[in-house]
Amino acid sequence: MKAATSRRTPNEELKERVRAFWQENPCGSKFSDVQPGTPSFYETIEAHRYATEWHIPLAADFAGARGLRVLEIGCGLATDGALFAKAGAHYTGIDLTDAAINLARQNFAWRGLTGEFEVADAENLRSPDESFDIVYSHGVLHHTPDTQQAVHEIHRVLRPNGRAIVMLYHRDSYNYRINIRLLRRGGVQLLRWEPGVKLVHIVTREPLESLREHAKRLLQDRNYLRSGEFLSGNTDGAGNPLARVYAKSEARELFRQFAKVEMKTYFLNKRFMPFIGSILPISLESSLARRWGWHLWIYATK
């Protein structure tokens with residue numbers, strides 16, 4: 001009698017594609033041309049992150065985590081994790097990929113910081129119930145197939161009165177409503193020709209290498225222009241298999257188990273505002289981001 005063969009579910013197959021993409025593209029690594037794992041590599045990425053997304057230290061409140069047990073889901077290179085640890089938090093970082101965990105450990109090692117790291121799945125956390133005071137996740141849960149299950153797991157591992165601090169992509173944002181749905185979709189046909197690629201590069205400052213990868217997929221992948229595929233590829237790079245966006249009402253539904261839920265939006269992503277983005281003052285940027293920001297931050301208390 002032949003042994004039964006187990007088949008992967010569609011979600012499991014999608015998760016493997018997600019894992020493979022981020023294994024090849026550890027989050028943040030594209031912002032440095034320096035040898036990965038070196039101090040200069042981490043310094044370059046940190047400088048870029050907090051210059052571009054200057055709101056993160058305010059929104060995450062690293063200093064407020066002193067003495068608390070913090071779990072970061074999708075730690076990437078542990079750029080934010082290092083600030084939690086510096087602030088005196090007892091930090092644990094998990095990620096779906098070996099590549100990220102290896103780089104995160106090296107980041108903490110050269111900085112002389114203490115933390116725990118593990119390859120793990122957001123939808124199936126290994127931590128016992130009520131293990132953490134804060135669960136932090138920045139731009140990760142919209143990439144996992146069953147986001148609702150991941151939120152259930154966050155609720156489970158939080159202690160009573162513990163807080164989830166989670167960033168998801170915002171549906172009602174400039175980046176989604178205008179940039180992705182109108183500008184990018186309207187201009188995508190320019191990528192069929194090299195002069196068009198160069199024109200888009202001049203207008204948007206998107207790297208030529210990235211634009212040529214999009215052009216390749218446009219010409220070779222019949223699914224490229226489908227709504228879900230187009231959104232995923234135009235958030236975190238061509239080939240990204242999964243990204244979602246959430247309205248505030250949808251995010252509130254995700255966190256319905258929690259006793260209290262508050263939300264704020266940040267990050268206008270000025271790079272995708274042709275011509276005016278580079279001259280927009282921070283005061284106006286902040287004002288617009290409160291309504292049209294790409295990053296929807298959820299603060300949920302158990």
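Where a number appears in this text, it was derived from the coordinates with a stated rule and is not lab data. Everything quoted here is computed from the prediction, not taken from an experiment. Note that each Cβ is placed from the backbone with ideal geometry, even for glycine, and that neighbours are counted across all protein chains shown.
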Unit charges at the beta carbon, dipole of the chain: most positive-side option, T97, A82, H155: H155
Mind listing which chymotrypsin sites (Phe, Trp or Tyr not before Pro) in region 184-247 are in a DSSP loop and have 15 or fewer other Cβ atoms within 10 Å? W193
With DSSP loop assignment and no more than 13 other C-beta atoms within 10 Å, the trypsin sites (Lys or Arg not before Pro) in region 88-173 are R126
So in the chain, what percent of DSSP beta bridges are antiparallel if you round to the nearest 5? 45
Of the options Y42, S131, P145, report the single residue whose Cα projects farthest towards the positive end of the charge dipole of the chain (beta-carbon charges: Lys, Arg +1; Asp, Glu -1). P145
Ranked on Cβ counts within 10 Å of their own Cβ, fewest leading, L296, L190, L284 go L284, L190, L296
For the chain, built as a Gaussian network whose Cα springs stay under 10 Å, the top-fluctuating residue of W292, W22, W54: W54
Helix 194-204: angle to the longest alpha-carbon principal axis of the chain, degrees 0 to 90, nearest 10? 60
Per residue, the convex hull enclosing the alpha carbons of region 153-302 has a volume in Å³ of 119
Work out, step by step, the length gained on full extension between I282 and E209: first 0.36 nm times the residue separation, then minus their alpha carbon distance; give nm to one decimal. 23.3 nm
For L77, L113, L158, what's the fewest-to-most ordering of other Cβ within 10 Å of each Cβ? L113, L158, L77
For region 148-242, run through the GluC sites (Glu not before Pro) and keep only the ones in DSSP coil with at most 13 other Cβ atoms within 10 Å of their Cβ. none
Testing the spin-label approximation: label points 7 Å from Cα along Cα→Cβ at E116 and K216. State their distance in nm. 4.1
Measure nothing but the geometry: give the 0 to 90° angle between the long axis through the Cα atoms of 282-292 and the longest principal axis through the Cα atoms of the chain, rounded to 10°. 80
How far, in degrees from 0 to 90, does helix 147-157 lean away from the longest principal axis of the Cα atoms of the chain, to the nearest 10? 20
Return the equivalent ellipsoid semi-axes of region 174-233 as a descending list in whole Å, where each equals the square root of 5 times an eigenvalue of the C-alpha gyration tensor. 17, 15, 9
5 angstrom amide H check on F117, placed H, neighbours 5+ away: G93
Two-decimal Rg to Rh for the chain - Kirkwood Rh, Cα set: 0.97
So between Q257 and L58, what do we pick up on full extension, going 0.36 nm a residue minus the alpha carbon distance? 69.1 nm
